[in-house]
Amino acid sequence: MIATKAYAAQGATTALGPWNFERREPGPHDVQIEILYCGVCHSDIHQVRNEWGNSIYPMVPGHEIVGRVTKVGDHVTRFKVGDLAGIGCFVDSCGECAPCKAGEEQYCVPGGALTYNSYEMDRKTPTYGGYSTHIITNENYTLHVSDKLPLEGVAPLLCAGITTYSPLRHWKVGKGHKVAVLGLGGLGHMAVKLAASMGAEVTMLSTSPSKEADAKRLGAHHFALITDQEQMKQLTSHFDFIVNTISAPHDYSTYLNLLNLDGVMICLGVPPEASPVPAFNLIAGRRSIAGSLIGGIRETQEMLDYCAEHNITSDVEVIDIKDINTAYERMLKGDVKYRFVIDIASLKQ
Ligand code: NAP
Ligand code: ZN
């Protein structure tokens, strides 16, 4: 067994603190990874605080993982010791259902094994995430990471990057499309960078006036305050797509009216409370509401390669693991530009 140091939540209302546990030895198809950086996703906060009602404790969060391979199983062919590697939001899936066969493992019908707050496919061994020194994963659920980009900026691509890349590709967003990004946080800033890189005309819709200059620096062509009724009115029936990354409860109908004929609001954020959707806001303009969940392994690799080619990384603030609880409070106040990333070396001290 591999002794692993971590930070864990022991319950929904306690702060995260140090916790030690053991990981399995790598099996024939596994790689062992020494974790270097792990991004902090708003889903970590939702789950640590049991906001989705499905939390398993102790919980070691973290699904934006980059590190270096330190050991490989006998049958591993895709990785060797010393390679950089990435792990995203899931570590296994059934491999047999239609979505798994299509390479969309995130939609595994019986449900795959998430990187944390979940169970392995034996449905009894808990999974623990990236706020830890090591992780052992099947090579087929492990991504190759380029050495061209700063690793701390790559870590958030494993969730925030793929979660925004996948729907942009699915709906073939590009030149000629007007895209609104709702909420400038971890997902939002990646959505702006990626949609702009694909040629779309991007408008940032934010509650934070202080983020306008950043939004434009990240690639947004326009900025509007969602709290300003006049600005919102001017954007009525304006957008082909709204990429909704808001983490807090909000009313979808406020934003549906901003969609043009056949416009789609793609919901990525998972607020703890549901929003009512009045039929009138949909039938006017034949609008749709859709959702999208991270991305499959093949597409995650495609996204990592795309980002390496286009020099796209996340804007990060690197933190010591000891500051994780403060980081959560700052995220809830919108005080992060635009992703916290834990330097895992701080766990070893
Ligand atoms: P984040 O960094 O905290 O960003 C969320 C942003 O939402 C904030 O920066 C803020 O932007 C905006 N916001 C917050 N409260 C708001 C409110 N009351 N009204 C309007 N806007 C508000 O979070 P994140 O890590 O990007 O995650 C966003 C959401 O996506 C979370 O719910 C997370 O669980 C979910 N998620 C989903 C997937 C998926 O596969 N679909 C994957 C990862 C995460 P402004 O300051 O610009 O207003
Ligand atoms: Zn995430």
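The values are calculated or read from the model by the stated rules, or taken from the named source; none is laboratory data. These numbers come from a predicted model, not from an experiment. Neighbour counts run over all protein chains shown; Cβ positions are idealised from the backbone, glycine included. The accessibility values were calculated without ligands, DNA or RNA, using every heavy atom of the protein model including side chains. Shrake-Rupley method; radii C 1.70, N 1.55, O 1.52, S 1.80 Å.
Tabulated values for the structure
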item: Only Lys, Arg (+1) and Asp, Glu (-1) charged, at Cβ; the chain dipole about Cα centre in debye; result: 320
item: Segment 148-208: relative contact order in percent, alpha carbon pairs under 8 Å with at least 6 residues between; result: 36
item: Cα gyration tensor category, rounded, prolate or oblate, for segment 272-349 with a/c compared to 1.5; result: oblate
item: Proximal charge balance of Phe90 [Cβ under 12 Å; K/R count +1, D/E count -1]; result: -4
item: Segment 175-257, relative contact order [Cα under 8 Å, separation at least 6], %; result: 36
item: Arg78 paired with Arg330, simple spin-label distance in nm, labels 7 Å along Cα-to-beta-carbon; result: 3.4
item: Choice from Ile35, Ile294, Ile319 with maximal GNM fluctuation in the chain (Cα, 10 Å cutoff); result: Ile319
item: 10 Å-binned pair-distance histogram of segment 184-246 (Cα, whole percent); result: 23, 59, 19
item: Percent RCO, i.e. relative contact order, over segment 183-309, from Cα pairs under 8 Å lying at least 6 residues apart; result: 18
item: Under 18 Å from Lys80, Cα to Cα: lysines that are on another chain or at least 8 residues apart; result: Lys71
item: Sites matching trypsin sites (Lys or Arg not before Pro) across segment 91-194 that sit in DSSP coil, with at most 11 neighbouring C-beta atoms within 10 Å; result: Arg123, Lys124, Lys148, Lys172, Lys175
item: Charge dipole magnitude, Cβ of K and R +1, D and E -1 - segment 222-349, Cα centre, debye nearest 20; result: 240
item: Value at 222 nm in deg cm²/dmol, rounded to 500, when DSSP H runs of n ≥ 4 in the chain each add -39,500 (n - 2.57); result: -6500 deg cm²/dmol
item: Surface per residue (accessible, 1.4 Å probe) for segment 161-291, Å²; result: 43
item: Cleavage-rule hits, chymotrypsin sites (Phe, Trp or Tyr not before Pro), segment 288-348, DSSP coil, Cβ neighbours within 10 Å at most 14; result: none
item: Cα-centred dipole magnitude for segment 161-291, charges only on beta-carbon of K, R (+1) and D, E (-1), debye, nearest 20; result: 420
item: Distance violations [Cα-Cα > 19 Å] among Lys124/Lys322; Lys5/Lys322; Lys193/Lys216; result: Lys124/Lys322
item: The chain - percent of accessible surface contributed by carbon and sulfur, probe 1.4 Å; result: 52
item: Three-way shape call for segment 1-145 based on the alpha-carbon gyration tensor, with the a/c threshold at 1.5; result: oblate
item: Rg/Rh for segment 161-291, where both radii come from Cα atoms and Rh is the Kirkwood radius; result: 0.92
item: Surface/4 estimate of mean projected area, convex hull on alpha-carbon atoms of the chain, nm²; result: 16.8
item: DSSP-loop chymotrypsin sites (Phe, Trp or Tyr not before Pro) across segment 55-116, with at most 10 other Cβ within 10 angstrom; result: none
